[in-house]
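The values are calculated or read from the model by the stated rules, or taken from the named source; none is laboratory data. Quick caveat, the model's predicted, so the values are computed rather than measured. Reconstructed Cβ throughout: ideal geometry from the backbone, glycine too, with neighbour counts over all protein chains shown.
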Amino acid sequence: MGYAAPVADMLFCMKELAGLEALSQLPGFEDAGLETAEAVLTEAARFCAEVVEPLNVPSDRQPPVWNQGSVTTSAGFKQAFRQFAEGGWQGLQHPLEFGGQGLPKTIGAACTEMLNSASLSFALCPLLTDGAIEALLTAGSAEQRRIYLPRMIDGTWTGTMNLTEPQAGSDLAAVRTKAVPQGDGSYRISGQKIYITYGEHDMADNIVHLVLARTPDAPAGVKGISLFLCPKFVVGADGALGARNDVYCASIEHKLGIKASPTAVLVFGDDQGEVGAGAIGHLIGEENRGLEYMFVMMNAARFSVGVQGIGVAERAYQRAVDYARQRVQSRPVDGSLPAGATIIHHPDVKRMLMSMRAHIEGCRALACVSAAAFDTAHHHTDAAVRQQQQAFCEFTVPLVKGFSTEMSNDVTSLGIQVHGGMGFIEETGAAQHFRDARILAIYEGTTAIQANDLVGRKTLRDGGATARGIAQQIAETEAALSSRTSTAAQSMHKRLQAARAAFVEVVEFVVAHTRSQPGAVFAGSVPYLMLAGRLLAGWQMARALLIAEDELAAGQGDAAFWHAKIATARFFAEHILSTVPGTRDAIIEGAESVNALAVDSF
């Protein structure tokens, strides 16, 4: 079975939940209405299904090859990436002035999901390049933007993010890579970076490494980190490529999943290039502000990794549904069929498929609404609206990243379970989705790091005001549900109300106790993230339910689509939102048991 992008659901999220038509009224987005979105998504769906998805399984079985510092990517990747670049997909949501198409992130996120459904490994190269572009747009000099951005946007060059070192994983204060000024505005960079996605490959003419390093007189800790632009080939003032820089790929990793994405160990300053010892780099922005600039890239990447989770989960769901429709096994327990039936008739298989579907649709809706908030925050003419939407977007990024990637672990695991024993056999393809998804809750900040961000930066910094404001918006949706008489709406109202109340209690607990009892709060930080993710995704499903009922009553659109949306929303309420109050109990009342066991007793 091939991949079929869920274009109808994506367009529904954009139109009905994210307010795409309102976005298209903002300066710079005048041509980004529903008609444009439909055309872009339709073409993206075709490209992903016909060009990228056929490479997914073969590339998993025949991953890239390292040889003397060079990496040859899996068969077909180089040609597919050229088509990707020529189609303008890398520049979809980047500025027109540098050769991009200037479309909203709201549209770009849907295309990103499709690409990741088709091949998570292939999609990682554009993802990192997007992040590097964002960092240069934010902090790069006019000259850096002039030279680098057009070539990265047209796919001639790609980008990487170099943070991690063998002794410095998530603790970037321990970064040791050095950058020594040369007196001509350049720096010589030396050190080692690990886990560098697409740090070496054969798909582009140049690779632009963005590297965290310390200058000789930098202060200790994170305050002494600067960001440097260090290309594989030295770049002239006219953009022409020069000598091979002193950055060398020492090896690539052998991994559980995303095997076709080369994860490189990069050595800077080992005198392996043509420029002498020390890789030539240039400062981005100001010294000692590197972490601040890199967070721009990291936040863009974190959102995109959340979308990756949705994409791989969608592919696993489609594969599971296809198998469940074909596999004949046992007579239904209710006797509705006289003989053995396809397993999609069995209640527990339906439960698993509904859980997969509901989680995916909830996370997709939340990501779409988050992307629209980003677009509004950057383009609206009213400063107050920009500020409010920026706060909402920032609050949701750790949820999109953390909740959606943990969701993808569960959904791809369920995909194997639907297949039964055949799911454990590589030939069915179900196992690859599970293996690929497992990294998503780890890279670009583990779920615990996202939860720490949710507590520290997103909840505490304004004393819980943003969180309470979101709860008030959810209460308004509850009010709309309360006037409905349908079983689905009443069920959603009951569960959404209880989940919101639990969320508010947890927010107040976090605000009141983080400084006095940090151990208690952070023992429940990941459960808090999961609780908030379920609530906000469920809120979007509640909004979708209301719209679907209205459209059905008016006789508009595809009745089967509306019925499915209502059924999926009700399932979300009764099987996912219903767990939120129990999670509240674990957070507020369960910290002591987390910390009760002595370290030596583990």
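So which of Val506, Val526 is of a type in the set (Val, Ile, Thr), in contact (Cβ under 8 Å) with a residue 12 or more places away in the chain, in a helix (DSSP H, G or I) and under 25 Å from Glu314 (Cα atoms)?
Working: Val506 fails: under 25 Å from Glu314 (Cα atoms).
Residue meeting the stated conditions: Val526.
Quick one: Ile189 ticks every box in (1) buried (at least 24 other Cβ atoms within 10 Å of the Cβ); (2) on the phi > 0 side of the Ramachandran plot bar one, so which box is it?
Among (1) buried (at least 24 other Cβ atoms within 10 Å of the Cβ); (2) on the phi > 0 side of the Ramachandran plot, Ile189 violates only (2).
Quick one: how many residues across segment 583-602 are surrounded by fewer than 12 Cβ atoms within 10 Å (Cβ to Cβ) and of a type in the set (Gly, Ala, Ser)?
Summing the residues that are surrounded by fewer than 12 Cβ atoms within 10 Å (Cβ to Cβ) and of a type in the set (Gly, Ala, Ser) in segment 583-602 gives 4.
So Ala80 ticks every box in (1) of a type in the set (Gly, Ala, Ser); (2) crowded, with 16+ Cβ neighbours inside 10 Å; (3) under 25 Å from Leu137 (Cβ atoms) but one. Which box is left unticked?
Checking Ala80 against (1) of a type in the set (Gly, Ala, Ser); (2) crowded, with 16+ Cβ neighbours inside 10 Å; (3) under 25 Å from Leu137 (Cβ atoms), the one that fails is (3).
May I ask you to say which residue of Leu536, Leu531 is in a helix (DSSP H, G or I), out of contact with any Leu (no Cβ under 6 Å at 6 or more places or on another chain) and either more than 17 Å from Trp562 (Cβ to Cβ) or modelled with pLDDT under 95 (or both)?
Unique residue meeting the criteria: Leu531.
Yes/no per residue for (1) at pLDDT below 95; (2) crowded, with 18+ Cβ neighbours inside 10 Å; (3) assigned to a loop (DSSP other than H, G, I, E, B):
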position	(1), (2), (3)
Val208	no, yes, no
Val211	no, yes, no
Gly239	no, no, yes
Gly242	no, no, no
Tyr248	no, yes, no
His254	no, no, yes
Ala260	no, yes, yes
Ile280	no, yes, no
Glu286	no, no, yes
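Does segment 304-329 hold any residues that are in contact with a Ser or Thr (Cβ under 7 Å, 6 or more places away or on another chain) and of a type in the set (A, V, I, L, M, F, W, C), and which are they?
Val305, Val307, Ile310, Val312, Ala313, Ala316, Ala324, Val328 - these are the residues of segment 304-329 that are in contact with a Ser or Thr (Cβ under 7 Å, 6 or more places away or on another chain) and of a type in the set (A, V, I, L, M, F, W, C).
Would you check if there is a residue in segment 555-570 being closer than 30 Å to Val307 by Cβ, touching a Lys or Arg at 6+ places or on another chain (Cβ under 8 Å) and either assigned to a helix (DSSP H, G or I) or not basic (Lys, Arg) (or both)? Lay out the reasoning, then the answer.
So in segment 555-570, the residues closer than 30 Å to Val307 by Cβ come out as 556-570.
When the remaining residues are screened for being touching a Lys or Arg at 6+ places or on another chain (Cβ under 8 Å), the result is 568.
Okay, now just the ones that are also either assigned to a helix (DSSP H, G or I) or not basic (Lys, Arg) (or both), so 568.
Scanning segment 555-570, I find at least one residue that is closer than 30 Å to Val307 by Cβ, touching a Lys or Arg at 6+ places or on another chain (Cβ under 8 Å) and either assigned to a helix (DSSP H, G or I) or not basic (Lys, Arg) (or both), so the answer is yes.
Looking at segment 147-168 only, could you name the residues that are within 13 Å of Leu210 (Cα to Cα), in a loop (DSSP other than H, G, I, E, B) and hydroxyl-bearing (Ser, Thr, Tyr)?
The one that is within 13 Å of Leu210 (Cα to Cα), in a loop (DSSP other than H, G, I, E, B) and hydroxyl-bearing (Ser, Thr, Tyr): Thr164.
Only one residue in Gly183, Gly155 is at positive phi and modelled with pLDDT of 95 or more, so which one is that?
Only one candidate passes the filter, namely Gly155.
State whether one or more residues within segment 221-231 are surrounded by 22 or more Cβ atoms within 10 Å (Cβ to Cβ), assigned to a strand (DSSP E or B) and among the hydroxyl-bearing types (Ser, Thr, Tyr).
There is at least one residue in segment 221-231 that is surrounded by 22 or more Cβ atoms within 10 Å (Cβ to Cβ), assigned to a strand (DSSP E or B) and among the hydroxyl-bearing types (Ser, Thr, Tyr).
Please go through segment 220-247 and pick out each residue that is farther than 20 Å from Thr164 by Cα and in contact with a helix residue (DSSP H, G or I) (Cβ under 9 Å, 6 or more places away or on another chain).
Residues of segment 220-247 farther than 20 Å from Thr164 by Cα: 233-245.
Answer for segment 220-247, where residues must be farther than 20 Å from Thr164 by Cα and in contact with a helix residue (DSSP H, G or I) (Cβ under 9 Å, 6 or more places away or on another chain): Val235, Gly236, Ala237, Asp238, Gly239.
Within segment 479-493, restricting attention to residues that are over 13 Å from Phe571 (Cα atoms) and free of Cβ contacts under 8 Å to residues at least 60 places away in the same chain, which residue is surrounded by the fewest Cβ atoms within 10 Å (Cβ to Cβ)? Break it down into steps so the answer makes sense when it comes.
Of all residues in segment 479-493, those over 13 Å from Phe571 (Cα atoms) come to 479-486.
Restricting the remaining residues to those that are free of Cβ contacts under 8 Å to residues at least 60 places away in the same chain gives 479, 482-483, 485.
Working: Ala479: 11, Ser482: 12, Ser483: 9, Thr485: 6.
Ranking the qualifying residues of segment 479-493, first place goes to Thr485.
Could you tell me which numbered condition Ala204 fails, if it satisfies all but one of (1) closer than 30 Å to Ala220 by Cα; (2) in a loop (DSSP other than H, G, I, E, B); (3) in contact (Cβ under 8 Å) with a residue 24 or more places away in the chain?
Single failed check for Ala204: (1).
Can you pull out every residue in segment 130-149 that is without any contact (Cβ under 8 Å) to a residue 60 or more places away in the chain and farther than 18 Å from Glu286 by Cα?
Arg146, Leu149
Counting only residues that are more than 17 Å from the chain's Cα centre (by Cα), part of a helix (DSSP H, G or I) and among the β-branched types (Val, Ile, Thr), how many does segment 312-370 have?
In the first step, residues of segment 312-370 are kept if they are more than 17 Å from the chain's Cα centre (by Cα); the result is 317-358.
Adding the requirement that they be part of a helix (DSSP H, G or I) leaves 317-326, 343-345, 347-358.
Adding the requirement that they be among the β-branched types (Val, Ile, Thr) leaves 321, 343-344, 349.
Summing the residues that are more than 17 Å from the chain's Cα centre (by Cα), part of a helix (DSSP H, G or I) and among the β-branched types (Val, Ile, Thr) in segment 312-370 gives 4.
Among the residues of segment 80-113 satisfying the criterion of being among the polar types (S, T, N, Q) and farther than 15 Å from Thr158 by Cα, which is farthest from the chain's Cα centre (by Cα)? Break it down into steps so the answer makes sense when it comes.
Step one: of segment 80-113, the residues among the polar types (S, T, N, Q) are 83, 90, 93, 101, 106, 112.
Now restrict to residues that are farther than 15 Å from Thr158 by Cα: 93, 101, 106, 112.
Values: Gln93: 16, Gln101: 21, Thr106: 13, Thr112: 9 Å.
The residue in question is Gln101.
Can you pull out the helices (runs of 4 or more DSSP H) entirely within segment 1-89 that have at least 2 residues that are of a type in the set (D, E, K, R), closer than 19 Å to Gly102 by Cβ and without any contact (Cβ under 8 Å) to a residue 60 or more places away in the chain?
34-47
Quickly run through segment 545-566 and pick out the residues that are among the small types (Gly, Ala, Ser) and either closer than 17 Å to Cys13 by Cβ or crowded, with 18+ Cβ neighbours inside 10 Å (or both).
First pass over segment 545-566, keeping only residues among the small types (Gly, Ala, Ser): 548, 553-555, 557, 559-560, 564.
Scanning segment 545-566 gives Ala548, Gly557, Ala564.
Would you say Val71 is surrounded by 17 or more Cβ atoms within 10 Å (Cβ to Cβ) and within 30 Å of Ala324 (Cα to Cα)? Break it down stepwise before answering.
Working: surrounded by 17 or more Cβ atoms within 10 Å (Cβ to Cβ): yes; within 30 Å of Ala324 (Cα to Cα): no.
So Val71 fails the test.
Which ones in segment 509-523 are part of a helix (DSSP H, G or I) and either among the small types (Gly, Ala, Ser) or in contact with a Lys or Arg (Cβ under 7 Å, 6 or more places away or on another chain) (or both)?
Initially, segment 509-523 is screened for residues part of a helix (DSSP H, G or I), giving 509-513, 518-523.
Result: Ala512, Gly519, Ala520, Ala523.
From the list Arg457, Arg435, pick out the single residue that is modelled with pLDDT under 95 and either part of a helix (DSSP H, G or I) or surrounded by fewer than 17 Cβ atoms within 10 Å (Cβ to Cβ) (or both).
Arg457
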